1. Local charge sum around residue 1 (other residues, Cβ-Cβ under 13 Å, Lys/Arg +1, Asp/Glu -1)?
2. Against the longest principal axis of the chain, how steep is helix 14-27, in degrees 0 to 90 to the nearest 10, with axes from Cα atoms?
3. Go through 88, 74, 37 and say which Cα lies farthest out towards the positive end of the charge dipole of the chain; charges sit on Cβ, +1 for Lys and Arg, -1 for Asp and Glu.
4. Treat every Asp and Glu Cβ in the range 103-172 as -1 and every Lys and Arg Cβ as +1, leave all other atoms uncharged, and give the resulting dipole magnitude about the Cα centre to the nearest 20 debye.
5. Once the Cα gyration tensor of the range 1-57 is diagonalised, what are the square roots of 5 times its eigenvalues, in whole Å and ordered largest first, as equivalent ellipsoid semi-axes?
6. Filter the trypsin sites (Lys or Arg not before Pro) in the range 24-75 down to the DSSP loop ones having no more than 12 other Cβ atoms within 10 Å, then list what survives.
7. Kindly work out what percent of the DSSP beta bridges joining two residues of the chain are antiparallel, to the nearest 5.
8. Would you work out which of 106, 62, 160 lies farthest towards the positive end of the dipole of the chain, given +1 charges on the beta-carbon of Lys and Arg and -1 on that of Asp and Glu, about the Cα centre?
Amino acid sequence: MKIFGMIGWSGSGKTTLIIQLIPELTKRGYSVSSMKHTHHNFDIDKPGKDSFEHRVAGAKQVLITGTKRWALLNENREQDEATIEQLLERMDPVDLVLIEGFKKYPHPKIEVYRPSVERPLLALEDKSVVAIATDEDVHCGVPVIDLNDVKAVADFVIKFCGLEKESLDGAA
């Protein structure tokens with residue numbers, strides 16, 4: 001599986017770009033999954049629900065399943081946070097996993113940058129940033145892609161990851 005990340009400061013538009021990029025890539029025939037990292041404590045379960053009570057009672061993992069989806073909740077009680085590699089091992093194989101966050105991990109990334117957020121450009125310090133998606137004029141030694149041109153972002157990711165599918169005549 002190829003992995004490719006989107007990083008940027010809060011409010012820069014990472015999630016918006018990813019939720020536009022996923023359908024663009026799937027429309028082109030690629031299977032795509034995503035991974036979202038958060039620094040905040042989060043809970044997708046609700047107090048009072050049986051699955052929540054299983055977890056509170058001490059279960060290390062709780063699998064919730066229904067006809068439309070399933071989710072595996074894993075408690076990190078005395079464990080360190082899982083690494084990207086450990087998490088990827090739990091995912092079904094796809095052409096591409098888009099990763100939002102994990103700024104410090106050295107996988108290739110696009111920085112989503114908006115000067116209006118008034119935070120520094122991460123690409124100046126992070127050598128794993130291979131392009132910048134922005135709606136402003138930025139110069140820093142890596143390709144700059146129009147943040148509002150999802151097709152151009154998809155083209156870049158496909159080419160960078162070596163995912164070009166062969167056309168019907170056999171040419172890439």
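Nothing in this text is a laboratory measurement; each read-out follows from the coordinates by a stated rule. Fair warning: this is a prediction, and the values are worked out from it, not measured in the lab. Heads up, the Cβs are rebuilt from the backbone with ideal geometry, glycines too, and the neighbour counts pull from every protein chain shown.
1. Net charge around residue 1: -2.
2. Computed tilt is about 80 degrees.
3. Projecting each Cα onto the dipole axis, the largest value belongs to 74.
4. Approximately 380 debye in magnitude.
5. Result for the range 1-57: semi-axes of 30, 17, 10 Å.
6. Loop-located and lightly packed - 49, 60, 68, 69.
7. Just about 20 percent of them are antiparallel.
8. 62
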